[in-house]
Amino acid sequence: MTQKIIDTAQQIINDEVDPVEGAVFIQKSRFMLDEIDGEDDVFTFFVAFSSETEGIPFEENRKYYSKEYLLKSDKDKECYLSIVSDKLKKSCANLLEKLSKVQADKDRC
C-alpha cells in the first residue's frame, strides 16, 4: 500500500492523475500505512480536501449524474483546484518527504 500512496502522491504532483480522486485515495488509505500513523499531521490537508470535494463525482460514477449537475460540479471543482492546487501538491511533497525519511531511518538501523 505504501508504494501505491507514493505513486499517487507523485502523480498528483506531476498532474498525471485526477487530483480529487488521488487525494481521496491517499486520505482513505492513510491508516493502511505501517510507516506513518494515519492521524499524523501530514494527512491533515488530505482529510480537509476530501471533505471539501466529497460532492464531486469520480470519473467512474459520472454516468449516474445529470449533465446539469456535472457542469456545476466541474465548475466548482475547477474553481476549488485553482485555489488549493499548490497546497495539495505541497502536501504530497511533504508526505513523500516524510515517507522517505522514515524509510531512511529504517535502513540505518
query = Is there a residue being free of Cβ contacts under 8 Å to residues at least 24 places away in the same chain, within 15 Å of Leu81 (Cα to Cα) and assigned to a loop (DSSP other than H, G, I, E, B) anywhere in the stretch 18-36?
reply = no
Matching entry among Lys77, Lys72 (being more than 10 Å from the chain's Cα centre (by Cα), buried (at least 17 other Cβ atoms within 10 Å of the Cβ) and in a helix (DSSP H, G or I)) = Lys77
task = State the number of residues belonging to the stretch 52-69 that are exposed (fewer than 10 other Cβ atoms within 10 Å of the Cβ) and part of a helix (DSSP H, G or I).
result = 7
request  = Return the only residue of Lys89, Lys98, Lys77, Lys106 being touching a helix residue (DSSP H, G or I) at 6+ places or on another chain (Cβ under 8 Å) and modelled with pLDDT under 95.
outcome  = Lys98
message = List the residue pairs whose Cβ atoms are under 8 Å apart, where the first residue sits in the stretch 43-56 and is small (Gly, Ala, Ser), the second is surrounded by 15 or more Cβ atoms within 10 Å (Cβ to Cβ), and the two are 6 or more positions apart or on different chains.
response = Ser50/Ala23; Ser50/Val24; Ser50/Gln27; Gly55/Ser73
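The values are calculated or read from the model by the stated rules, or taken from the named source; none is laboratory data. This is a predicted model, so every value here is computed, not measured. All Cβ positions, glycine included, derive from the backbone under ideal geometry; neighbour counts span all protein chains shown.
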